[in-house]
1. Roughly how big is the stretch 21-118's charge dipole about its Cα centre, with Cβ charges of +1 (Lys, Arg) and -1 (Asp, Glu), in debye to the nearest 20?
2. Over the stretch 21-118, how many pairs of lysines fall under 25 Å by alpha carbon, counting only those 8 or more apart in sequence or from different chains?
3. Which residue, GLY65, LEU103, GLN45, has the largest displacement toward the positive end of the dipole of the stretch 21-118 when charges sit on each Cβ (Lys, Arg +1; Asp, Glu -1)?
4. R0 = 35 Å: FRET efficiency of LEU57 with LYS37, Cβ-based, nearest 0.05?
5. Rank the residues VAL77, VAL83 as a footprinting-exposure proxy: fewest other Cβ atoms within 10 Å of their Cβ go first.
Amino acid sequence: MSNQENKGVQPIYTVPPAVTDKTWGEVQLKALDVQLKTLENQKYQIDKLGEFADKGLNALKSYFGLKNMIMSALSYVLIAGIVIGAYLLTQSGKLSGETFAFLMGSVVGYIISILSERS
């Protein structure tokens, strides 16, 4: 390279003229120590963030698991109420046998659809 091509291009790290090699080496070691501490701090923060994310995911899993269990239990109670009510109305003669059979078929279809979603 000629001097004209080299103009404007400066090395990233240069030793100032008044600094000895030993002093410059110590400065570079301190700079590396600072970078190492920064990386250790970032690693610590990332680890803490990972722990926080794990706790959050576990909380969400337990919440939605409990919510699904409660919703399933309420659904089954509602279905049982409909079946018992239809049975009592059929026994008292206020509901025909065909209507009762239709309701039972609908309930069985609903139960099958619930069970197929879970497996």
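1. In debye, rounded to 20, the stretch 21-118 gives about 240.
2. The result is 7.
3. LEU103
4. Result of the calculation: an efficiency of 0.70.
5. Going from sparsest to densest Cβ surroundings: VAL77, VAL83.
Every read-out reported here was derived from the displayed coordinates using simple, explicitly stated rules and does not represent laboratory data. Small disclaimer: the values here were computed from a predicted structure and weren't measured. Don't worry about glycine lacking a Cβ; one is built from the backbone with ideal geometry, like all the others, and counts go over all protein chains shown.
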